[in-house]
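Right, one structure below, let's go through it.
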Amino acid sequence: MFALILAGGTGTRLWPRSRKKTPKQLLPLIGNQTMVQATVNRIASIVPAEHTFFATNQAYGEIIAAQLPQIPRQNIITEPSAKNTAPCIGLAALHMQQLDPSQVMASLHADHFIADEEGFRQALLAAEQVAREG
């Protein structure tokens, strides 16, 4: 399974804590991990780092790479210009399909809080199985 983590928003709804230069997904809002780090750690036991991808804007690509050195740099896909969620997912899906068309892609948001992480992982694995069965 490939995991696509969406992390391109500017986080303006949490102003003044979250700003354009440091949006909420790049901040440690709950605990010591930033939200992008927490998202990767949440799925790490079921999705390896080489199958984890980010879709973000050009301003955040290097920050995400610095916060998550285990993610291959080529897995951080930066949008040439902000076009909202659907085109972003489409661009990443095309990229992943070229790498391995047999993989299922899960689309996740970097700015979600999930209390039941084990339940989330089990739901993700169940969804993968259903997607593979067609």
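The values are calculated or read from the model by the stated rules, or taken from the named source; none is laboratory data. None of the values given here were measured: they were computed from a predicted structure. Cβ sites come from the backbone with ideal geometry, for glycine too, and all protein chains shown count toward neighbours.
For residues in segment 65-105 being part of a loop (DSSP other than H, G, I, E, B) and at pLDDT below 90, which is nearest to ALA3 (Cα to Cα)?
ASN84
Would you mention how many residues in segment 30-84 are surrounded by fewer than 16 Cβ atoms within 10 Å (Cβ to Cβ) and of a type in the set (Asp, Glu)?
Residues meeting the conditions: 2.
Mind checking which residues of segment 33-54 are in contact (Cβ under 8 Å) with a residue 40 or more places away in the chain and touching a Ser or Thr at 6+ places or on another chain (Cβ under 8 Å)?
ILE43
Under 6 Å between Cβ atoms, at least 6 apart or on separate chains: pull out the pairs that start in segment 114-134 with a residue that is under 16 Å from ALA44 (Cβ atoms) and end on any residue that is modelled with pLDDT of 95 or more and assigned to a helix (DSSP H, G or I).
Here the result reads ILE114/PHE120; GLU117/ARG42, each pair linking segment 114-134 to a residue that is modelled with pLDDT of 95 or more and assigned to a helix (DSSP H, G or I).
The conditions are (1) assigned to a helix (DSSP H, G or I); (2) over 20 Å from GLN58 (Cβ atoms); (3) at pLDDT below 95, and LEU125 fails exactly one of them. Which is it?
Of (1) assigned to a helix (DSSP H, G or I); (2) over 20 Å from GLN58 (Cβ atoms); (3) at pLDDT below 95, only one is false for LEU125: (3).
In segment 75-107, how many residues are under 26 Å from ALA131 (Cα atoms), of a type outside the set (Gly, Ala, Ser) and in contact with a Phe, Trp or Tyr (Cβ under 9 Å, 6 or more places away or on another chain)?
Adding up the residues that qualify gives 10.
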